[in-house]
Structures are given as structure tokens and as C-alpha cells.
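In what follows, a structure is listed as C-alpha cells, so that the remarks can point back to it.
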Amino acid sequence: MRKFSNFKRIGTRLVLGFGVIIFLVVALTVVNIMSVNHINNNTDELTEQEMKLLMLNEKLSTNMLERTNLLQAYALTGNESYYASFVDGTPESIALEEEALANSSSDLLMTAIEQKTRWGLLTDQFFRLYNEGKETEALRILEEQILPLSIGLIDEFEELVRYREEQILMLSNQISRAGALTLSASSIVSVMIIIIGIVTAIITTRVISGPIRHITERMLKFAKGDLSFEVDTITRRDEIGQLNQAVQQAASNMRELVKQIHEVATTVNNHSVALNQTTTEVSEGVEQISYTMQELASGSETQASHASDLSSGMNTFVLAVSNAQQLGETVTSESQAARDLSVNGVDLMEESVGKMRTIDSIVKDSVGKVVHLNNQSREISNIVSVIQDIAEQTNLLALNASIEAARAGEHGQGFAVVADEVRKLAEQVRSSIQEITEITTMIQVESESVKSSLENSYQEVQQGTEMIEETGKTFNSIGRAVINTTNNIQQINEQLTNILMTSQTLSGSVEEVASISEQSAAGIEETSASAEEMTSSMEEISTSSSDLAGLVKQLNQLIGEFTV
């Protein structure tokens with residue numbers, strides 16, 4: 001505390017005391033920011049990567065299970081719908097594999113993808129054998145190779161799911177520990193700030209308020225006229241020490257001044273006695289100032305005339321203020337209407353902003369739908385390609401059947417007719433597939449064009465939304481300015497009303513002044529006679545007044561040492 005008191009300025013002490021607190025607050029803020037950033041990073045990793053991988057692994061497992069069930073159902077029933085569903089799931093399966101590989105490169109995932117590729121080859125072999133009529137061999141491959149491999153793949157994908165769940169749990173624990181650590185650090189630093197703040201407040205109070213309270217007690221005695229006290233000596237170099245020295249000097253000067261004023265007052269008292277004696281003689285010479293009183297009477301008459309003119313001018317001023325007050329009421333009414341229009345404009349602008357946001361949402365949704373349509377058209381192209389391959393194979397089989405029927409002779413004529421019809425049907429299917437392919441290609445081209453146009457429109461809508469929001473902000477500022485202007489005009493109108501009332505009162509007062517001035521002129525004329533007797537005694541009064549003026553000058557010089 002002694003070192004704290006040695007600073008020459010109180011401001012330096014305050015800056016030092018509160019600077020420590022500010023430093024700790026800044027340190028606490030930095031620690032909190034770093035901890036929050038760490039928590040945010042872990043949270044982002046948890047939500048953006050681990051959760052995504054968890055969902056991908058679950059989808060892969062579900063896809064594998066569904067396709068395995070479709071494969072078994074097709075093997076048991078031979079229903080083509082199961083085969084079509086199995087084929088339809090192939091693009092989704094490939095997309096899931098590519099997305100999983102793009103987001104993770106773990107050995108377990110790579111092994112599972114390799115096994116899944118082998119599984120795909122086995123399923124192709126199964127369908128080929130099954131379609132060739134080798135159902136026994138196809139079922140053997142299904143039971144001995146495909147199903148065990150499917151079970152293994154599902155188990156591997158489930159293992160990946162469990163691994164991702166463990167990773168998510170680990171990140172969650174890290175986030176919890178980081179939050180707890182941040183809370184502990186914040187609590188410790190907060191307690192330190194409170195303790196240091198209390199200590200700083202106590203030290204500051206003792207160092208500053210104590211001496212100031214002591215000096216204040218002395219100054220209160222000083223203000224009551226008690227100059228008998230002695231100011232304690234304070235050996236400090238700051239503002240409090242300077243204040244104490246100033247109080248000491250002021251007390252010393254005031255004592256000396258009181259002594260001198262007392263001496264001057266005694267002298268003035270003696271001269272006052274002589275002045276009182278002379279005053280008796282002055283009353284006998286008042287007649288000699290009669291001329292002066294007559295001049296005053298003439299001046300009073302002139303003042304009465306001017307007061308009358310002033311009264312007329314005040315009436316004109318009151319009329320002008322009344323007109324201004326009426327005009328102010330008109331302006332107030334018009335400004336109120338402008339404020340109402342401004343409020344309506346703000347409401348309309350907010351409605352426009354809401355509509356632009358709705359348009360923005362609609363265009364954005366349209367872009368997404370066009371993208372979805374484009375993806376579906378691509379899937380249709382893939383399906384059409386598969387159907388075209390089937391049609392070509394059917395045509396080839398029909399041709400082979402026709403050849404076999406020709407070899408069979410008369411026994412194969414009926415079968416030849418059927419084979420020929422199948423071939424024609426295959427040709428028609430291939431022709432239709434060609435047309436569908438052309439139409440699908442046109443749809444893809446048009447959807448790409450629409451997508452590009454919608455994206456450009458979406459950018460324009462976004463820019464329009466931003467511009468109209470900015471315009472709305474400007475319109476709000478204009479509305480506030482109009483409201484402020486209306487309030488100011490109302491205040492001006494109220495002030496004009498007050499001025500009108502004051503002017504009316506002042507006009508009445510001026511008329512009273514004119515009347516009193518006329519009465520004063522008459523009274524001065526009556527007093528003129530007695531004032532003539534005062535002239536003879538004025539010389540003696542002048543002499544005594546000169547002596548008194550010298551004493552007053554000396555008194556003023558003594559008092560002039562202080563600044564009021």
C-alpha cells in the first residue's frame with residue numbers, strides 16, 4: 001500500500017488498480033474463446049464427418065440386406081419384379097460405396113468394399129446361370145458363396161457402424177471434458193477478479209477517501225467562518241497533497257484579510273459619523289436640485305410616450321406570433337400525415353421483403369426439383385439401356401428359335417410362328433427404346449438448360465432480396481427521421497403557443513408601464529420643489545464620499561486577491 005501511495009497522480013493509481021482487473025478479464029475472455037473454438041472444432045468433426053460416415057455405413061448395411069433378400073426371393077419364386085428391384089438398387093449401392101470411399105480410407109472399409117465387389121461378380125454369375133436354365137448350379141453358388149459372403153459383409157458393415165458410434169462417443173466425451181475445463185478455469189479466474197477487485201477497492205478507499213474526508217471537515221469549518229483551526233500537514237505529491245497545501249494557504253490568507261478588513265471597517269465607521277452629521281445639512285438644500293427634477297419629469301413624459309409606442313408594437317408582435325402559431329398547427333397536421341404515410345411505407349416495404357424471401361425460397365426449391373428430375377432422367381436412361389440389351393438378347397433368342405424350328409420341319413412350324421412373333425415384338429421394343437432414349441436425352445438437355453436458368457434466376461432473386469432489404473433499412477431510417485421531424489414541429493408549435501401567451505402578458509405589462517410612467521412624471525414634478533434644498537450640502541457629502549471611496553478602493557484591492 002505504501003508503494004501504491006507514492007504515485008504522483010490519483011489517475012495513475014486508479015489505472016494501475018483497474019488495469020489488473022481488466023487484464024484478468026481479457027485473459028478470461030481469451031481462455032473462453034480458445035475453449036469454445038476447440039469445442040466447436042470437435043462438434044463440427046462430430047456432425048460433419050463422423051455422423052455422415054455412420055449414416056453411410058448404416059445405409060450400406062441396409063442396402064446389402066435388402067438386395068440379399070431380393071436375390072433369395074428371386075431364386076425361390078423366379079418373379080421378375082424381384083430381379084428388377086435388385087437391378088434398380090445397383091446404382092444406389094455404387095453411389096453409397098463411392099461416397100463412403102470419398103469420406104473414409106479405413107482398412108476395414110476398403111476390405112468390405114473389395115468383398116462387395118466380389119459379391120457383385122457372384123450375383124452376376126448367379127443371374128446368368130439362372131437365366132440359362134442352370135438353376136441347380138445357380139442355387140449352389142447362392143447358398144455356398146453368395147449368402148455366406150452377404151452375411152460377412154453385413155457383419156463388416158455393422159462393425160463399421162459400431163466403430164463410428166465409438167468415435168462419436170469419444171468426441172462427445174472430449175467435448176464434455178473441454179466444457180468442464182472451461183467452466184473450472186472461468187470460475188477460478190472470476191474468483192481471482194472478485195478478490196483483486198475487493199482489495200483494489202479497499203486500498204483505493206483508504207488511500208483516497210480518508211485524506212479527502214479529513215480536508216472536507218476542515219473546509220466545512222472554513223465555510224462556517226471558523227478560522228481558528230490548523231490544517232494537518234500531508235506529505236503527499238498527488239492532487240490530495242496539492243489540495244491540502246491550497247487549503248493551508250487559503251486559511252492563512254483569509255486570517256490576514258479578516259484583520260485588514262476589521263481595521264478598514266473601523267475607519268469607515270468613523271467617517272460614517274461625520275457623514276451622518278452632513279446628511280442633516282443636505283436635507284435643507286434639496287431645493288437646489290429642482291432643475292434636475294424638472295428634467296426628470298420631462299424624461300418621464302418622453303418615457304411614457306415611448307412606452308405607448310412600444311405597446312402598439314407589442315400588439316403587432318402578438319398578432320404576428322398568433323399567425324405563426326396557427327401556421328405551426330397547420331405544419332403539425334401535415335407532418336402528422338407525412339408520418340402516417342411513412343409508417344405505411346415501412347409496412348409495405350416489410351411486406352415486399354417478405355415476398356422476395358418467399359420468391360427466393362420458391363426458386364431455390366425449383367432448382368432442387370430440376371436437379372432431382374435430371375437425376376431421374378439419367379436413371380431412366382440406365383434402365384432403358386438395360387431393357388435395350390434384353391430386347392437384343394430376346395431378338396437373338398427368337399432368331400435361334402426360328403432356326404431350330406426350321407430344322408424340326410413340320411413339328412416346329414407352330415414354334416417358328418411364335419418365335420417370329422417374339423422377334424417382331426423384340427424389334428418393336430428396340431424401336432420404342434430408341435425413341436425413349438431420344439426423348440430422355442432431350443429431357444436431360446432441357447432440364448440442364450432449365451437448371452442453369454433457374455440458378456441464374458436464383459442469383460438474381462438473391463441480389464434483389466438483398467437490395468430490397470437494404471432499401472427497407474433506408475426506408476426505416478427515413479421513417480424515423482420523419483417521426484423525429486414531426487416531434488420537433490410539435491415542440492416548436494408548443495413553444496409558439498407559450499410565446500403567444502407570454503407576448504400577450506408582456507403587452508399588458510407594457511401598457512401598465514406607460515400608465516405608471518405618466519403617473520411618475522406627475523410625482524417627479526411634485527417632488528421637484530423639495531429637491532432644491534439639497535444643493536448646499538452636496539459639497540460636504542462629496543468630501544466625505546471621496547474619503548469613503550479611497551477606503552472602499554483599498555478594501556476592493558484586498559478582496560481582489562481572491563477569485564470568486
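What follows draws every value from the coordinates through simple rules; no lab data is involved. Being a predicted model, the structure only gives us computed values, none of them experimental. Cβ placement follows ideal geometry from the backbone for every residue including glycine, while neighbour counts extend to all protein chains displayed.
Other residues whose C-beta falls under 15 angstrom from the C-beta of Ile390 contribute a net charge of -4, scoring Lys and Arg +1 and Asp and Glu -1. Fully extending the segment from Arg118 to Lys364, taken as 0.36 nm per residue of separation minus the present Cα-Cα distance, adds 84.4 nm.
With neighbours defined as other Cβ atoms within 10 Å of a residue's Cβ, the residues Asp365, Asp88 order from fewest to most as Asp365, Asp88.
Using the structure shown, list the pairs from Lys355/Lys473; Lys59/Lys369; Lys59/Lys134 with a Cα-Cα distance above 25 Å, or answer none.
On the way: Lys355/Lys473 16 Å; Lys59/Lys369 23 Å; Lys59/Lys134 33 Å.
Beyond 25 Å: Lys59/Lys134.
A Förster radius of 51 Å combined with the Cβ-Cβ distance from Gln72 to Glu410 puts the calculated FRET efficiency at roughly 0.70.
Derived scalar couplings between HN and Hα for the range 103-109 equal 9, 8, 10, 5, 4, 4, 5 Hz in order, rounded to whole Hz, by the Karplus curve 6.51 cos²θ - 1.76 cosθ + 1.60 (θ = phi - 60°), x for Gly and Pro.
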